[in-house]
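Engineer: Dumping the structure here so I can ask a few things about it.
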Amino acid sequence: EGESGSLNGKFENKFALENGHIVAGLDFYSDEIELDTAFDSEDAREKAQNIGIYTQARIEPFDAMRLSFGGRVDKQWFEGTKGQEWDHSGLSGNASVEYDLARFLTAKAGFSHVWAGIPLAEAFIMNPGWNYGSAGPEITTANNVTAGLEVHYEGFTAEASLFRSHINDARVAKYAVALANQNYDVETQGFELSTGYTWMDGFIKVQYAHVDANIDGKPADSDTGNYLTTPVGNIITLSAAHTFSDWALTVGTDMEFAPEYKDGSITYASYQVVNIYTEWKPEQLPHMTFRAEVQNLFNEAYASRATYGQEFGNVTPLYEPGRTFLLSVKATF
């Protein structure tokens, strides 16, 4: 039997400025995860408590520029399954900027450093006999950076962006006594391209994403990366919708295409998924929405790129649902 609990909250205030605002606050959490098994004489339990102070500014120095920057200080207390205690503190920070190079062209860039403390392990792998050593688990941190360009012109949009994220000492504990502190360095990087067009009663948008994922400098697989990341490769998505105003009826679709992806000696199969939907918001009942949709229209048998085990010959991955029909009614009041 596993049990988890969390008590958390925050106190925050927003200060208005002439050209933006500043948010400042304090937050906290007290988390606990416990496992009781039939073959252990004692429960396994980890606890973590954290207090953080943060501030974030969002300002517009002049019409063409928007800035966001901030930081936080955290103090964490961590308790292991044998009652061992460690406390740590750290700093996080972020900054981003948007600048209009022209009326229709915007450049964007951002960076963040994240101090995450010691993450609690998942309940079902906890071991009351874990040996954490005198120093305890490593602190998890991450550095993230992104940059891109965005175009808007008379309903047309186009965007290109690059991203990179590096996580240091991501905790991936295992049940074995000596693996309470097991961790990996994870790096994901890639780019996204998108284009679309919006008209008065609808839109269409196409996006292409390429993502490379590495764990400890090697290509990610879904076993080592079970808690962290899985091989992604290339993903193409398309979404479109149109509203027939006279009938208050919207018809739309979204599609996902994953081309075949080769990573070293491993080949990941391609798949294509198409979903369609329609929504009706009658004028006589403005607070009601009636929706009908078909997910996986062509009944594709596939495992998404986020699924465990798709690259191992001795594992049958969990396939996504086949053709699915959904009817829903929503009332707002």
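The values are calculated or read from the model by the stated rules, or taken from the named source; none is laboratory data. Small disclaimer: the values here were computed from a predicted structure and weren't measured. Reconstructed Cβ throughout: ideal geometry from the backbone, glycine too, with neighbour counts over all protein chains shown. For accessibility, only protein heavy atoms count, side chains too; no ligands or nucleic acids. Shrake-Rupley method; radii C 1.70, N 1.55, O 1.52, S 1.80 Å.
Engineer: I'd like the residue in segment 60-74 that is among the hydrophobic types (A, V, I, L, M, F, W, C) and within 15 Å of residue 108 (Cα to Cα) and, out of all such residues, is least open to solvent (accessible area, probe 1.4 Å).
Structural biologist: 64
Residue by residue, here is whether (1) surrounded by fewer than 19 Cβ atoms within 10 Å (Cβ to Cβ); (2) modelled with pLDDT of 95 or more; (3) within 30 Å of residue 285 (Cα to Cα); (4) not β-branched (Val, Ile, Thr) holds:
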| residue | (1), (2), (3), (4) |
| --- | --- |
| 212 | yes, no, no, yes |
| 216 | yes, no, no, yes |
| 220 | no, no, no, yes |
| 243 | yes, yes, yes, no |
| 248 | yes, no, yes, yes |
| 253 | yes, yes, yes, no |
| 257 | yes, yes, no, yes |
| 264 | yes, no, no, yes |
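Engineer: Out of everything in segment 132-142 that is part of a loop (DSSP other than H, G, I, E, B) and touching a residue at least 12 places away in the same chain (Cβ under 8 Å), what residue ends up being surrounded by the most Cβ atoms within 10 Å (Cβ to Cβ)?
Structural biologist: 137
Engineer: Next question, about the same structure. Restricting to segment 193-203, what's the tally of residues that are part of a strand (DSSP E or B) and open to solvent by 70 Å² or more (accessible area, probe 1.4 Å)?
Structural biologist: Residues that pass the stated criteria total 6.
Engineer: In segment 266-278, what residues are modelled with pLDDT under 90 and either open to solvent by less than 30 Å² (accessible area, probe 1.4 Å) or touching a strand residue (DSSP E or B) at 6+ places or on another chain (Cβ under 6 Å) (or both)? Working first, answer last.
Structural biologist: Initially, segment 266-278 is screened for residues modelled with pLDDT under 90, giving 266-269.
Passing the criteria: only 268.
Engineer: OK, next. I'd like to verify a number: residues in segment 100-131 that are assigned to a loop (DSSP other than H, G, I, E, B), open to solvent by less than 20 Å² (accessible area, probe 1.4 Å) and not β-branched (Val, Ile, Thr), how many?
Structural biologist: Summing the residues that are assigned to a loop (DSSP other than H, G, I, E, B), open to solvent by less than 20 Å² (accessible area, probe 1.4 Å) and not β-branched (Val, Ile, Thr) in segment 100-131 gives 6.
Engineer: I'd like the residue in segment 284-308 that is surrounded by fewer than 16 Cβ atoms within 10 Å (Cβ to Cβ) and of a type in the set (Gly, Ala, Ser) and, out of all such residues, is farthest from residue 267 (Cα to Cα).
Structural biologist: My answer is 292.
Engineer: Also, I was wondering about something else. Show me the strands (runs of 3 or more DSSP E) found entirely inside segment 220-297 where at least 1 residues are within 19 Å of the chain's Cα centre (by Cα) and under 30 Å from residue 185 (Cα atoms).
Structural biologist: In segment 220-297, 233-244, 249-258 are the strands (runs of 3 or more DSSP E) which contain 1 or more residues that are within 19 Å of the chain's Cα centre (by Cα) and under 30 Å from residue 185 (Cα atoms).
Engineer: Which one is surrounded by the most Cβ atoms within 10 Å (Cβ to Cβ) among residues in segment 1-49 that are within 30 Å of residue 62 (Cβ to Cβ) and among the acidic types (Asp, Glu)?
Structural biologist: So the first thing to find is which residues in segment 1-49 are within 30 Å of residue 62 (Cβ to Cβ), and the list is 12-25.
Restricting the remaining residues to those that are among the acidic types (Asp, Glu) gives 12, 18.
On the way: 12: 12, 18: 7.
Out of the qualifying residues, it is 12.
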